[in-house]
């Protein structure tokens, strides 16, 4: 260990500055001066505190005084060296300790008798020479430490050929340190080729000796691993691999910070009707950082977007009683709900939309966009994905596991047996009865107990009007109000309440009305009612067409109508093309390719919201056939052809009114 004491000339390094101890004052304070002449004064405890915090680092080059008595440990000690080096150091230490108190001299006549005496005493067959012992004494008394007697011969090696070494460095730089990830054999063959090429261009006396294969292996093994991975794997991959874990996000209560993220589930979902695999759905989860409790999740086949996060946040805020009522076998409670203070999410462009920001602003939620490719900023939700995969998903039939190696020969498509409704049941049951009730290693208790522990000290807030959440997740826009209503995506919306606004504003006002429309349903919008300062629900005029239709399918129908019939669009053509789109979706669900089946499931808007509401998906509602009306059987009556007909006669008054002349 290297030692130091507070003496004049002692130097400390502070980033780019060097401080030198110049004097100790009468009040025992220490004065330090930097290169620019700036002087600072510390008490000894203050200076030691900064040194312990590594704010000030000792400059080892100034430690040459043998009278050091202030002994502080430094990074490396004797135990870090191999056994053979430690044994040699202890042998040297015996000689040095035996001469403790003797003056340091290199005179042979004085040291040789003492060397022979010590060698006989410790049984050393190969005692050192007087000059060698003199070097040991001088090094040890500079800083009394066993590490000062370590032999540096382990750092030596064969002398390097400068020309061969340069060629080897070129091969390593151009071939090994790139993202093609060439093997060590490739490097050896390359340097061998370079040596042969150089020898052909020179005379025999200046030929270069090619490094051996073992030399190449040792050189590559000695390279710094972080530099190698940065060159071969890329900067981001190397940073993820070697990122230091220096701390974690500190939160003091529930709902202070929730983390939201998406992941594709390692499970193939089948269609309820055809039993064909549809593909892997996406899972969006909101987790409370403090308690690690799950506030809500959303499952769908379409790609993640701001819509999926909004659906997940809506479920996270609302109580879960209605959700759990769909599954009577779940006995445990799910008390996690409330408006969070901060949401940490991805840095995707869709999440920077004005709609998403406005909703969070309306709810009073702060947004934290984590850097791209930095999963450590959302460590809790990332760790939960691994927990749910290992605890549930990988144990279900039809799992694809985490990677091809882990999957092996497992026939995922053949064994797939879980549909979306069953998956929602399993996910809910696992979260509520297993995950929430299992002891968390870092918390020291279950997430449910941690939630109950913090809940009495927190003010859990909910929206005063739950239906307002449905309005908030809508997409805001403005439209001109006419007597025939509002037009959004070539669909008209009108109602009696909306017409009261029109009557109030007048036909010449051509006023812009704020409204919100929805991705999952085009059958209605919410229009802002200025007199009452509330949103009113306005249904579509063409209800037969719009009922149960999502906006993505409506866009496809409009594009098909324009392609077939031009720019003139009417409801009959929309209904006609709607039937064709429905047939296309049905055919896609039965397609042999899983990609087409997943696309069909996406168009049908199969997601967890439809399952929770116990409703069919929009396309299924639109294509459901009306129930046939069973007619009552009529009684068999007699034809009456053999009945006697009554006789009739015309009165005189009736005959005159009809202009009939008297036969008389």
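The values are calculated or read from the model by the stated rules, or taken from the named source; none is laboratory data. Owing to the predicted nature of the structure, the values given are computational and were not obtained by experimental measurement. Here the Cβ is made from the backbone with ideal geometry for all residues, glycine too, and neighbour counts use every protein chain on show.
Results, tabulated for the structure shown:
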{"read-out": "Count of the range 411-420 residues which are crowded, with 17+ Cβ neighbours inside 10 Å and part of a helix (DSSP H, G or I)", "value": "2"}
{"read-out": "Matching option when the condition is under 35 Å from the mean Cα position of the chain (by Cα) and over 16 Å from residue 490 (Cβ atoms), among 516, 512", "value": "516"}
{"read-out": "Criterion: touching a residue at least 24 places away in the same chain (Cβ under 8 Å) and within 27 Å of the chain's Cα centre (by Cα) - qualifying residue of 432, 471", "value": "432"}
{"read-out": "Residue, modelled with the highest pLDDT, within the range 436-446, restricted to residues that are touching a helix residue (DSSP H, G or I) at 6+ places or on another chain (Cβ under 7 Å) and crowded, with 17+ Cβ neighbours inside 10 Å", "value": "436"}
{"read-out": "Whichever residue in the range 488-521 is touching a strand residue (DSSP E or B) at 6+ places or on another chain (Cβ under 6 Å) and within 14 Å of residue 476 (Cα to Cα) and, among such residues, is surrounded by the fewest Cβ atoms within 10 Å (Cβ to Cβ)", "value": "512"}
{"read-out": "Test: residue 322 is surrounded by fewer than 18 Cβ atoms within 10 Å (Cβ to Cβ), on the phi > 0 side of the Ramachandran plot and more than 19 Å from the chain's Cα centre (by Cα)", "value": "no"}
{"read-out": "Subset tally (residues that are assigned to a helix (DSSP H, G or I) and either surrounded by fewer than 17 Cβ atoms within 10 Å (Cβ to Cβ) or not assigned by TED's automatic domain parsing to the domain that holds residue 431 (or both)) for the range 388-399", "value": "4"}
{"read-out": "All helices (runs of 4 or more DSSP H) inside the range 439-513 with 1 or more residues being under 28 Å from residue 609 (Cα atoms)", "value": "447-454, 467-472"}
{"read-out": "Residues located in the range 393-416, provided they are in contact (Cβ under 8 Å) with a residue 60 or more places away in the chain and over 26 Å from residue 294 (Cα atoms)", "value": "412, 413, 416"}
{"read-out": "Which listed residue is part of a loop (DSSP other than H, G, I, E, B) and either assigned by TED's automatic domain parsing to the domain that holds residue 142 or over 23 Å from residue 142 (Cβ atoms) (or both), from 46, 35", "value": "35"}
{"read-out": "Inter-residue pairs, beta-carbon under 8 Å, first in the same structural domain as residue 220 (by TED's automatic domain parsing) and in the range 167-185, second part of a loop (DSSP other than H, G, I, E, B), 6+ apart", "value": "167/208; 168/211; 172/223; 175/182; 176/182; 179/234"}
{"read-out": "Sole residue being at negative phi and either modelled with pLDDT under 75 or loosely packed, with under 14 Cβ neighbours inside 10 Å (or both), chosen from 55, 88", "value": "55"}
{"read-out": "Failed criterion for residue 109 (all others in (1) outside any loop (DSSP other than H, G, I, E, B); (2) modelled with pLDDT under 80; (3) surrounded by 13 or more Cβ atoms within 10 Å (Cβ to Cβ) hold)", "value": "(3)"}
{"read-out": "Near pairs, Cβ below 9 angstrom, 6+ apart or cross-chain, from the range 537-565 (on the phi > 0 side of the Ramachandran plot) to any residue that is at pLDDT 80 or above and surrounded by 16 or more Cβ atoms within 10 Å (Cβ to Cβ)", "value": "548/521; 548/523"}
{"read-out": "Restricting the range 529-546 to residues that are outside any loop (DSSP other than H, G, I, E, B) and out of contact with any helix residue (DSSP H, G or I) (no Cβ under 9 Å at 6 or more places or on another chain), the residue that is nearest to residue 469 (Cα to Cα)", "value": "534"}
{"read-out": "Residue count for the range 477-487, restricted to those that are surrounded by 16 or more Cβ atoms within 10 Å (Cβ to Cβ) and either closer than 24 Å to residue 294 by Cα or in contact with a helix residue (DSSP H, G or I) (Cβ under 9 Å, 6 or more places away or on another chain) (or both)", "value": "3"}
{"read-out": "Set 360, 336: member being modelled with pLDDT of 85 or more, in a loop (DSSP other than H, G, I, E, B) and under 24 Å from residue 254 (Cα atoms)", "value": "336"}
{"read-out": "Filter pass, residue 402 being part of a loop (DSSP other than H, G, I, E, B), assigned by TED's automatic domain parsing to the domain that holds residue 293 and surrounded by 14 or more Cβ atoms within 10 Å (Cβ to Cβ)", "value": "yes"}
{"read-out": "Tally, over the range 192-204, of residues that are surrounded by fewer than 15 Cβ atoms within 10 Å (Cβ to Cβ) and in contact (Cβ under 8 Å) with a residue 12 or more places away in the chain", "value": "1"}
{"read-out": "Set 295, 367: member being assigned to a strand (DSSP E or B) and in contact (Cβ under 8 Å) with a residue 40 or more places away in the chain", "value": "295"}
{"read-out": "Residue check for residue 347: surrounded by fewer than 19 Cβ atoms within 10 Å (Cβ to Cβ) and free of Cβ contacts under 8 Å to residues at least 24 places away in the same chain", "value": "no"}
{"read-out": "In the range 524-534, the residues that are surrounded by fewer than 20 Cβ atoms within 10 Å (Cβ to Cβ) and within 36 Å of the chain's Cα centre (by Cα)", "value": "524"}
{"read-out": "Test: residue in the range 205-219 that is exposed (fewer than 14 other Cβ atoms within 10 Å of the Cβ) and under 30 Å from residue 372 (Cβ atoms)", "value": "no"}
